[in-house]
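Have a look at the structure below before the remarks.
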Amino acid sequence: GALSLAINRHEINEVLFFGFAIEGANAVLPASPLFKKEYETAWSRFDLKAANKLLDEMGLAKRNSQGYRLLPDGREMEILVEITGENGEYGDVLSLVEDTWRKIGIRLFRKVYRREVLRRRVFSGETMMSMWQGLDNGLPTPDMSPEDLAPTHQIHLQWPKWGQYRETGGKVGEKVDMPMAKKLLELNDQWDQAKTTAERRRIWHDMLAIFTNQVYTIGTVSGVEQPVVVSTRLHNVPTDGVYNWDPGAHFGIYEPDRFWLDPAPGASKPAQRASSNAAGD
């Protein structure tokens with residue numbers, strides 16, 4: 001919670017995303033029927049005073065001459081965040097976070113790996129903290145699985161060992177040992193057995209409340225606009241759409257076979273059947 005409060009999301013939004021992103025926790029987007037403002041704002045205000053107070057109360061009040069907090073064994077409080085080099089925005093965001101975390105006495109370092117190397121490190125438990133995209137599905141309905149809110153898969157980088165344990169039936173990984181994380185697994189199993197949409201909706205809200213208030217992941221901004229370059233010859237592409245891996249496989253949700261191309265200059269006229277498809281049959 002303290003680390004999340006010490007992130008200036010408005011600065012990140014204005015500096016890197018021209019103010020078009022949504023500032024808040026890692027939660028569902030406003031267009032989802034499960035959206036509640038309290039999920040978006042959970043631990044996401046910029047409040048250095050509150051962050052410092054929380055860290056002091058944890059017994060980390062002692063600092064060195066540079067202002068960095070000291071751990072009980074005398075070491076500086078340092079956090080190493082591991083990222084991939086394929087997305088330059090990650091490094092830019094961390095540069096801004098580094099500045100504000102310094103104001104609560106925490107030194108942030110970053111290290112860049114290839115995607116497959118980073119995943120291996122996370123899965124093996126070597127990584128202290130990593131940076132990745134938020135929830136795969138920001139637009140869920142009650143009838144879509146909430147499994148991404150529970151430690152169900154090792155690909156969830158915030159709890160890979162718990163995910164391994166779940167995926168392998170206890171053969172690999174570590175058993176969940178935190179009460180609220182256990183509760184998320186129980187609720188996920190209840191969702192699997194739920195018989196009505198109303199019951200599934202209730203479970204979703206219970207899980208979202210736990211997930212955002214426990215801050216298993218620290219959200220920064222979401223809903224970032226994704227420009228897509230489209231040829232002027234390509235038709236039936238939506239002006240505004242959902243660009244997301246799950247659900248939809250990015251453009252897959254729009255059934256690309258319903259797009260069509262005008263013939264290139266100098267090409268022969270398309271067959272009548274193609275013209276019929278172009279009209280929307």
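A few points about this structure:
- Matching residues in the range 85-98 - criterion: being touching a residue at least 24 places away in the same chain (Cβ under 8 Å) and under 30 Å from Ala50 (Cβ atoms): Glu89, Tyr90, Asp92, Val93, Leu94, Leu96, Val97
- Residue list for the range 142-191, restricted to those being over 17 Å from the mean Cα position of the chain (by Cα), under 20 Å from Gly125 (Cα atoms) and assigned to a loop (DSSP other than H, G, I, E, B): Thr168, Gly169, Gly170, Lys171, Val172, Gly173, Glu174, Lys175, Val176, Asp177, Met178
- Among residues of the range 199-231 being assigned to a loop (DSSP other than H, G, I, E, B) and without any contact (Cβ under 8 Å) to a residue 12 or more places away in the chain, the one that is surrounded by the most Cβ atoms within 10 Å (Cβ to Cβ) is Val230.
- Members of the range 18-29 that are without any contact (Cβ under 8 Å) to a residue 60 or more places away in the chain and more than 22 Å from Leu5 (Cβ to Cβ): Phe18
- Residue within the range 171-181 that is surrounded by 17 or more Cβ atoms within 10 Å (Cβ to Cβ) and either touching a Ser or Thr at 6+ places or on another chain (Cβ under 7 Å) or on the phi < 0 side of the Ramachandran plot (or both) present: yes
- Residue tally, condition hydroxyl-bearing (Ser, Thr, Tyr) and open to solvent by 10 Å² or more (accessible area, probe 1.4 Å), over the range 1-31: 0
- Within the range 126-142, the set of residues being touching a Lys or Arg at 6+ places or on another chain (Cβ under 6 Å) and either more than 13 Å from Leu208 (Cα to Cα) or aliphatic (A, V, I, L, M) (or both) comprises just one member, Thr127.
- All positions within the range 103-140 that are in contact (Cβ under 8 Å) with a residue 12 or more places away in the chain, exposed (fewer than 15 other Cβ atoms within 10 Å of the Cβ) and part of a loop (DSSP other than H, G, I, E, B): Lys103, Arg114, Gly125, Met128, Asp136
- Applying the criterion of being in contact (Cβ under 8 Å) with a residue 60 or more places away in the chain and surrounded by 12 or more Cβ atoms within 10 Å (Cβ to Cβ) to the residues of the range 245-259, the residue that is nearest to Gln133 (Cα to Cα) is Asp246.
- Checking Val242 against (1) closer than 30 Å to Glu147 by Cα; (2) open to solvent by less than 90 Å² (accessible area, probe 1.4 Å); (3) at pLDDT below 80, the condition it does not meet: (3)
- Taken over the range 37-60, residues that are part of a loop (DSSP other than H, G, I, E, B) and open to solvent by 60 Å² or more (accessible area, probe 1.4 Å) amount to 4.
- For the range 3-22, a residue qualifies if it is more than 18 Å from Gly88 (Cα to Cα) and assigned to a helix (DSSP H, G or I), and the qualifying residues are Leu3, Ser4, Leu5, His10.
The values are calculated or read from the model by the stated rules, or taken from the named source; none is laboratory data. The model shown is predicted, which means the values in this text are computed figures rather than measured ones. Quick reminder, even Gly has a Cβ in these numbers, built from the backbone with ideal geometry, and neighbours come from all protein chains shown. Note: accessible area is taken over every heavy atom of the protein model, side chains too, but ligands, DNA and RNA are not part of it. Shrake-Rupley method; radii C 1.70, N 1.55, O 1.52, S 1.80 Å.
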